Structure formats: structure tokens, C-alpha cells
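**Q** My questions will all concern the structure given below.
The values are calculated or read from the model by the stated rules, or taken from the named source; none is laboratory data. None of the values given here were measured: they were computed from a predicted structure. So basically every Cβ, Gly included, is an ideal-geometry build from the backbone, and we count neighbours across all protein chains shown.
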Amino acid sequence: MRRLHHVACYLKPDEYSQLKEQAAKRRLSLSTYVKGCLLGHHETQPFKKDPGSGDPSAVSNLSQESERRIAELAGAKAGEVLRRLAVVLTMLDRFALTMLMHIPEVAKEQRKSAAASGERRYQNWKQAVDELIRDMGLGEPAELNGANSTPHVVEDQQ
């Protein structure tokens, strides 16, 4: 569980008003704005709201701030996706281990028919997944999973 820490400071009324005004201009909460200031994310020059004033530095500042906020948001979202993907991969790994622990070995004389049955069932499963991906509008399945349609070769192991 992530633990957040609380920091307090004392401000004069005019300092507090200035912070609130700057946070509002950036459409941030006061807490988020102050945190950004403490971590050096915001420039020390006052934020100019009207880029149409003809001042090229105002447009540049607005552009840089927008790019920074977009990059920050994209990084946070990518991190969340990667954390969720790690959970899925862990679940898949645990599932494979459980299956291997509970499914008995196939007798040598039945391996060819078991391999054929397994390949057929795998192809049916793959087609169902591909159809689901298409129905979800996620693009073509081969583009997403990098898989090809060649059958897997199961060798006769001793």
C-alpha cells in the first residue's frame, strides 16, 4: 500500500491568494500545484494565461507546460498499464504451474493422439480469442499478439 506524507507551511494571506490563483490558472488543485512547485515542476515566472497577447514567450511557456503535463500524464498511465500487465503475467504463470502440477503425463503410446487433440483444441481457442479481439475493436489479432497461424510442433519426448 502506498503511503502519502503530509507537509504543512504557513503563508501570508497574499501568498496564499497568489498560490490559489496560479493553481486555478493551471486548472490544478492547490495541493497538486504546491507539490509541483516544491518538486520544481513549475517555472518561477508567473503563468501567463493569455497566449494571444502577442508575446512569443507566453506561447512558448504555455506550449512547454502543456507538453510537460501531457508527458507526465502519459507516463503515469503507462506505468499503471505495466503494473496491470505484470499482474496478468503473474496470474498466467501461476495458472501454467497449477495446470502442470495437476495434469498427469501422457502415456508414450497416446502422445501422438494427445498432441493432435491439443493442437486442434488450441486452434479452436485461438480462433475464439481472435474473434473476441475483433469484436472488441482492438485491431487485427495477429498485429496484437505477434502470433502466426503455423501449428506448434510437439516432439516425442522420452
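**Q** Looking only at region 97-127, which residues are surrounded by 10 or more Cβ atoms within 10 Å (Cβ to Cβ) and of a type in the set (A, V, I, L, M, F, W, C)?
**A** Hits for region 97-127 are Leu97, Val106, Ala114, Ala115, Ala116, Trp125.
**Q** Okay, moving on. Run down Leu19, Leu30, Leu92, Leu97 and say which single residue is aliphatic (A, V, I, L, M), at pLDDT 85 or above and within 22 Å of the chain's Cα centre (by Cα).
**A** One residue alone meets the criteria, Leu92.
**Q** Taking Leu144, is it of a type outside the set (Lys, Arg), under 23 Å from the mean Cα position of the chain (by Cα) and modelled with pLDDT of 90 or more?
**A** Here the answer is no, as Leu144 does not meet what is asked.
**Q** How about region 68-124: which of its residues are under 30 Å from Arg2 (Cβ atoms) and of a type in the set (D, E, K, R)?
**A** Scanning region 68-124 gives Arg68, Arg69, Glu72, Lys77, Glu80, Arg83, Arg84, Asp93, Arg94.
**Q** Tell me which residues, restricted to region 100-135, are over 27 Å from the mean Cα position of the chain (by Cα), of a type in the set (Val, Ile, Thr) and assigned to a helix (DSSP H, G or I).
**A** none
**Q** Consider only pairs whose beta carbons are under 8 Å apart and that are at least six residues apart or on different chains; among these, list those whose first residue lies in region 57-79 and is more than 15 Å from Thr32 (Cβ to Cβ) and in the same structural domain as Thr32 (by TED's automatic domain parsing) and whose second residue is exposed (fewer than 10 other Cβ atoms within 10 Å of the Cβ) and of a type in the set (A, V, I, L, M).
**A** So the pair list comes out empty.
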